[in-house]
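First the structure, in the form of C-alpha coordinates, and then the observations on it.
The values are calculated or read from the model by the stated rules, or taken from the named source; none is laboratory data. Predicted model, so just to flag it, every value in this text is computed and none were measured. Cβ: placed from backbone, ideal geometry, glycine included. Neighbour counts: every protein chain shown.
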Amino acid sequence: MQKLDDWRELLGKIINHNPTERERIANELGVRSITLTRWANGESVPRSYYLRELVNVLPQQDRALLSESLEQEFPGVLSALSPDDPSGELPYQIVDEVLTTRATNPDPLRFWAMSRLVLQHALRQLDPECMGMAITLVRWQTYFAGFRQRVRKRMQESLTTQHPLKLTLAERLVWQELEEIFLQLPHPAT
(Lines give C-alpha, C1' and ligand atoms only; values in the text may rest on other atoms or scores of the structure.)
Protein backbone atom coordinates (compact mmCIF):
# COMPACT_ATOMS: atom_id res chain seq x y z
CA MET A 1 0.00 0.00 0.00
CA GLN A 2 1.31 3.42 -0.87
CA LYS A 3 2.12 5.94 1.85
CA LEU A 4 -0.20 8.96 1.78
CA ASP A 5 0.75 12.37 3.15
CA ASP A 6 -2.12 12.77 5.59
CA TRP A 7 -5.50 11.42 6.66
CA ARG A 8 -7.36 13.89 4.42
CA GLU A 9 -5.69 12.50 1.33
CA LEU A 10 -6.59 8.93 2.36
CA LEU A 11 -10.20 9.90 3.08
CA GLY A 12 -10.43 11.75 -0.24
CA LYS A 13 -9.09 8.73 -2.11
CA ILE A 14 -11.68 6.45 -0.49
CA ILE A 15 -14.74 8.66 -0.91
CA ASN A 16 -13.92 9.94 -4.41
CA HIS A 17 -13.12 6.47 -5.74
CA ASN A 18 -16.41 4.90 -4.66
CA PRO A 19 -19.61 6.95 -4.16
CA THR A 20 -21.35 3.98 -2.53
CA GLU A 21 -18.60 3.75 0.05
CA ARG A 22 -18.85 7.51 0.66
CA GLU A 23 -22.57 7.15 1.43
CA ARG A 24 -21.96 4.14 3.68
CA ILE A 25 -19.31 6.00 5.72
CA ALA A 26 -21.49 9.12 5.98
CA ASN A 27 -24.47 7.07 7.16
CA GLU A 28 -22.46 5.19 9.76
CA LEU A 29 -20.98 8.44 11.09
CA GLY A 30 -24.35 10.19 11.03
CA VAL A 31 -23.15 13.04 8.80
CA ARG A 32 -23.92 14.09 5.24
CA SER A 33 -21.63 12.98 2.42
CA ILE A 34 -20.75 16.61 1.65
CA THR A 35 -19.31 16.81 5.17
CA LEU A 36 -16.89 14.00 4.32
CA THR A 37 -15.86 15.89 1.19
CA ARG A 38 -15.27 19.05 3.24
CA TRP A 39 -13.09 17.12 5.69
CA ALA A 40 -11.10 15.61 2.83
CA ASN A 41 -10.63 18.99 1.12
CA GLY A 42 -9.58 20.71 4.33
CA GLU A 43 -12.59 23.05 4.33
CA SER A 44 -13.57 21.95 7.84
CA VAL A 45 -12.12 19.91 10.70
CA PRO A 46 -14.17 17.13 12.27
CA ARG A 47 -14.73 16.97 16.00
CA SER A 48 -12.64 14.45 17.90
CA TYR A 49 -15.63 12.11 18.25
CA TYR A 50 -15.92 11.86 14.46
CA LEU A 51 -12.18 11.35 14.06
CA ARG A 52 -12.32 8.37 16.42
CA GLU A 53 -15.41 6.98 14.73
CA LEU A 54 -13.92 7.47 11.28
CA VAL A 55 -11.26 4.91 12.09
CA ASN A 56 -13.95 2.37 13.01
CA VAL A 57 -16.08 2.83 9.88
CA LEU A 58 -13.35 2.83 7.23
CA PRO A 59 -12.50 -0.41 5.43
CA GLN A 60 -10.21 -2.63 7.51
CA GLN A 61 -7.23 -2.26 5.15
CA ASP A 62 -7.21 1.56 5.60
CA ARG A 63 -7.61 1.77 9.38
CA ALA A 64 -3.95 1.44 10.38
CA LEU A 65 -2.80 4.12 7.94
CA LEU A 66 -5.62 6.46 8.96
CA SER A 67 -4.87 5.94 12.66
CA GLU A 68 -1.20 6.77 12.11
CA SER A 69 -2.03 9.91 10.11
CA LEU A 70 -4.59 11.10 12.67
CA GLU A 71 -2.15 10.63 15.54
CA GLN A 72 0.43 12.74 13.71
CA GLU A 73 -1.97 15.66 13.19
CA PHE A 74 -4.07 15.25 16.37
CA PRO A 75 -1.86 13.62 19.04
CA GLY A 76 -3.87 11.62 21.57
CA VAL A 77 -7.21 11.93 19.79
CA LEU A 78 -7.60 8.18 19.35
CA SER A 79 -6.71 7.39 22.95
CA ALA A 80 -9.11 9.93 24.46
CA LEU A 81 -11.57 7.21 25.43
CA SER A 82 -10.64 4.48 27.84
CA PRO A 83 -9.66 1.19 26.21
CA ASP A 84 -12.50 -0.68 27.92
CA ASP A 85 -15.10 1.70 26.43
CA PRO A 86 -14.20 2.19 22.76
CA SER A 87 -17.76 2.96 21.70
CA GLY A 88 -18.15 6.19 23.64
CA GLU A 89 -21.49 4.99 24.97
CA LEU A 90 -22.53 5.10 28.61
CA PRO A 91 -21.53 1.77 30.18
CA TYR A 92 -24.31 -0.35 31.60
CA GLN A 93 -22.52 -0.51 34.97
CA ILE A 94 -22.98 3.25 35.48
CA VAL A 95 -26.69 3.04 34.75
CA ASP A 96 -26.97 0.04 37.07
CA GLU A 97 -25.15 1.91 39.88
CA VAL A 98 -27.41 4.95 39.52
CA LEU A 99 -30.59 2.85 39.54
CA THR A 100 -29.36 0.82 42.52
CA THR A 101 -28.51 4.03 44.38
CA ARG A 102 -31.97 5.37 43.61
CA ALA A 103 -33.64 2.20 44.87
CA THR A 104 -31.59 1.82 48.08
CA ASN A 105 -31.50 5.39 49.42
CA PRO A 106 -34.32 7.03 51.34
CA ASP A 107 -36.00 9.98 49.67
CA PRO A 108 -34.21 12.76 51.62
CA LEU A 109 -30.77 11.35 50.69
CA ARG A 110 -31.55 10.13 47.18
CA PHE A 111 -30.83 13.34 45.24
CA TRP A 112 -27.36 13.87 46.70
CA ALA A 113 -26.37 10.20 46.56
CA MET A 114 -27.30 9.99 42.88
CA SER A 115 -25.74 13.38 42.13
CA ARG A 116 -22.42 12.39 43.70
CA LEU A 117 -22.34 9.17 41.70
CA VAL A 118 -23.13 10.90 38.39
CA LEU A 119 -20.59 13.66 39.07
CA GLN A 120 -17.87 11.09 39.85
CA HIS A 121 -18.45 9.38 36.51
CA ALA A 122 -18.61 12.74 34.72
CA LEU A 123 -15.23 13.74 36.16
CA ARG A 124 -13.70 10.46 35.00
CA GLN A 125 -15.01 11.07 31.48
CA LEU A 126 -14.30 14.80 31.23
CA ASP A 127 -10.87 14.82 32.88
CA PRO A 128 -9.37 11.32 32.51
CA GLU A 129 -5.78 12.57 32.99
CA CYS A 130 -6.70 14.51 36.17
CA MET A 131 -5.33 17.76 34.78
CA GLY A 132 -7.61 19.80 36.99
CA MET A 133 -11.33 20.11 36.90
CA ALA A 134 -14.01 20.94 39.42
CA ILE A 135 -17.72 20.27 39.19
CA THR A 136 -20.02 21.94 41.67
CA LEU A 137 -23.70 21.20 41.94
CA VAL A 138 -25.76 23.75 43.87
CA ARG A 139 -29.34 23.20 44.89
CA TRP A 140 -31.50 25.68 46.73
CA GLN A 141 -34.09 24.19 49.03
CA THR A 142 -36.96 26.15 50.49
CA TYR A 143 -38.27 25.38 53.95
CA PHE A 144 -41.29 26.90 55.63
CA ALA A 145 -40.36 28.15 59.09
CA GLY A 146 -43.80 29.41 59.98
CA PHE A 147 -46.75 31.30 58.63
CA ARG A 148 -45.61 32.95 55.35
CA GLN A 149 -41.98 32.69 56.33
CA ARG A 150 -39.71 30.91 53.91
CA VAL A 151 -36.12 30.00 54.55
CA ARG A 152 -33.87 29.14 51.64
CA LYS A 153 -30.92 26.89 52.25
CA ARG A 154 -28.07 26.36 49.83
CA MET A 155 -26.95 22.75 49.47
CA GLN A 156 -23.72 22.14 47.59
CA GLU A 157 -21.78 19.14 46.36
CA SER A 158 -18.29 19.64 44.91
CA LEU A 159 -16.02 17.08 43.34
CA THR A 160 -12.58 17.77 41.91
CA THR A 161 -9.87 15.78 40.22
CA GLN A 162 -7.26 18.39 41.02
CA HIS A 163 -8.43 21.88 41.81
CA PRO A 164 -7.77 23.93 38.64
CA LEU A 165 -7.17 27.24 40.42
CA LYS A 166 -5.03 25.99 43.36
CA LEU A 167 -6.94 28.21 45.79
CA THR A 168 -6.35 28.21 49.52
CA LEU A 169 -9.27 27.48 51.80
CA ALA A 170 -9.73 31.18 52.59
CA GLU A 171 -9.72 32.09 48.88
CA ARG A 172 -12.29 29.36 48.14
CA LEU A 173 -14.56 30.69 50.88
CA VAL A 174 -14.32 34.21 49.45
CA TRP A 175 -15.11 32.82 45.99
CA GLN A 176 -18.17 31.00 47.35
CA GLU A 177 -19.35 34.15 49.12
CA LEU A 178 -19.10 36.07 45.85
CA GLU A 179 -21.14 33.36 44.13
CA GLU A 180 -23.80 33.55 46.82
CA ILE A 181 -24.00 37.34 46.57
CA PHE A 182 -24.39 37.08 42.81
CA LEU A 183 -27.13 34.45 43.15
CA GLN A 184 -29.06 36.69 45.56
CA LEU A 185 -29.05 39.70 43.22
CA PRO A 186 -32.40 40.33 41.56
CA HIS A 187 -32.33 39.12 37.97
CA PRO A 188 -34.41 40.78 35.27
CA ALA A 189 -37.44 38.79 34.18
CA THR A 190 -37.00 37.16 30.81
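Note down all Cβ pairs under 7 Å where the first residue falls in the stretch 132-145 and is farther than 23 Å from HIS121 by Cα and among the small types (Gly, Ala, Ser), the second is surrounded by 10 or more Cβ atoms within 10 Å (Cβ to Cβ) and at pLDDT below 70, and they're at least six residues apart or on different chains.
Sorted first by the residue in the stretch 132-145, then by its partner, the pairs are ALA145/VAL151.
Would you kindly identify the helices (runs of 4 or more DSSP H) lying entirely within the stretch 1-70 that contain at least 2 residues that are farther than 30 Å from GLN125 by Cβ and not assigned by TED's automatic domain parsing to the domain that holds LEU126? Don't jump to the end; show me each part of the working.
On the way: elements: 7-17, 19-29, 33-41, 48-57.
Per the criteria, 7-17, 19-29, 33-41.
Look at the stretch 29-52 and say how many of its residues are at pLDDT 85 or above and of a type in the set (D, E, K, R).
The number of residues fulfilling the criteria is 3.
Which of the residues that make up the stretch 14-52 are over 26 Å from the mean Cα position of the chain (by Cα) and either surrounded by 14 or more Cβ atoms within 10 Å (Cβ to Cβ) or in contact (Cβ under 8 Å) with a residue 24 or more places away in the chain (or both)?
ILE14, ILE15, ASN16, GLU21, ARG22, GLU23, ARG24, THR37, ASN41
Counting only residues that are among the charged types (D, E, K, R) and over 15 Å from VAL98 (Cα atoms), which one in the stretch 115-137 is modelled with the lowest pLDDT?
GLU129
Six or more apart or on different chains, Cβ under 6 Å: which pairs go from a residue in the stretch 105-128 that's without any contact (Cβ under 8 Å) to a residue 40 or more places away in the chain to one that's among the hydroxyl-bearing types (Ser, Thr, Tyr) and not in a helix (DSSP H, G or I)? Could you list them?
Correct list of pairs: LEU123/THR161; ASP127/THR161.
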